[in-house]
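Q: Below is the structure I would like to discuss, written out as structure tokens.
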Amino acid sequence: MSFLVKHLGVAHYESTYQAMRDFTQQRDSDTPDEIWILEHPPVFTLGLAGDASNLHSPSNQIPLVQVDRGGEITYHGPGQIVVYLLLDLRRLGIFVKELVSRIEQALIDALADFGIQAERHAGAPGIYVARESAVPLEYQGAKIAALGLKVSKGCSYHGLALNVATDLAAFARIHPCGYEGLRTVDMQTLGIKDNIDIISQTLLGHLQKQLTSS
């Protein structure tokens, strides 16, 4: 199984969101799966389960967009790798919960390649710096990657976001994923200086491995 990988650079959120929806609605059983890798200008997005009050400190410079993915509120911005997975899950033979688990594992494995020990937290989607790992105490348990998916007609869109060298101050304006006081962190803060393109390629490799494993 192969995927058409598109590197979209910096792309505005709302036009990309509409393109994902259009692609999913227009695809058929022969349409190749696609993986889009990009960055967004600053934007807050609010999922279907979201409470707008979790944007507790709005900004005139950062818009809030209501979207149809699962999950709560999050922030996207430059220095964050966003990966959208436009997949025919029926053709891949993957259920939604399994897809989430595979995405999480790809993130954990990619972070491990850069010396960051990461983990899942039960009941809180996303990936977190491992507790009792070799990072300063204040960053242990901090969220470093977010997930949010939508499935329509057996096909997924939306995906994941990994903080590489992100404006962490923007996260202070929200209760990330609806959790008041949840700390977020990026790879740069943890001492990783690799180019974002190198990190993107590493993450892509692990995603492709997870999506094609039996």
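Q: Using DSSP loop states and a limit of at most 15 other Cβ atoms within 10 Å to flag trypsin sites (Lys or Arg not before Pro), what is the longest stretch of the chain containing no flagged site?
A: It runs 1-130.
Q: Which of the chymotrypsin sites (Phe, Trp or Tyr not before Pro) found in the range 68-166 are loop residues per DSSP with 15 or fewer other Cβ atoms within 10 Å of their Cβ? Mind showing how you got there, number by number?
A: Values: sites: Y75, Y84, F95, F114, Y128, Y139, Y157; in loops: F95, F114.
Taking the range 68-166 and a limit of 15 other Cβ atoms within 10 Å, the loop chymotrypsin sites (Phe, Trp or Tyr not before Pro) found are F95.
Q: So what is the orientation-averaged projected area of the range 4-212, using the convex hull of its C-alpha atoms, in nm²?
A: 10.7 nm²
Q: Moving on to the next point. Report the residue, chosen from T184, T31, T202, that carries the largest GNM mean-square fluctuation when the chain is represented by alpha-carbon nodes joined by springs under 10 Å.
A: T31
Q: So what's the net charge close to D68: Lys and Arg +1, Asp and Glu -1, counting the other residues with Cβ under 9 Å from its Cβ? Display every interim value, and only then the final one.
A: Details: positive: R21, R69, K150; negative: none.
Cβ neighbours under 9 Å give a net charge of +3.
Q: Counting DSSP beta bridges with both partners in the range 57-214, what percentage is antiparallel, nearest 5?
A: 95 percent
Q: With springs only between Cα atoms under 10 Å apart, run a GNM on the chain and tell me which of H76, H56, H158 wobbles the most.
A: Greatest mean-square fluctuation among the candidates belongs to H56.
Q: For the range 1-65 and the range 174-214, compute the distance between their C-alpha centroids and round to whole Å.
A: After rounding, the separation between the Cα centres reads 16 Å.
Q: Next question, about the same structure. Mean-square fluctuation check for the chain, GNM, Cα pairs under 10 Å: which of S200, S133, S15 is largest?
A: Of S200, S133, S15, the Gaussian network model singles out S15 as fluctuating most.
Q: Right, next: Determine, for E72, E14, the number of other Cβ atoms within 10 Å of each Cβ, and report the residues in order from fewest to most.
A: With the sparsest Cβ surroundings first, the list reads E14, E72.
Values in this text are rule-based calculations from the coordinates and carry no lab data. Fair warning: this is a prediction, and the values are worked out from it, not measured in the lab. Ideal geometry is used to build each Cβ from the backbone, glycine not excepted, and the neighbour counts take in all protein chains shown.
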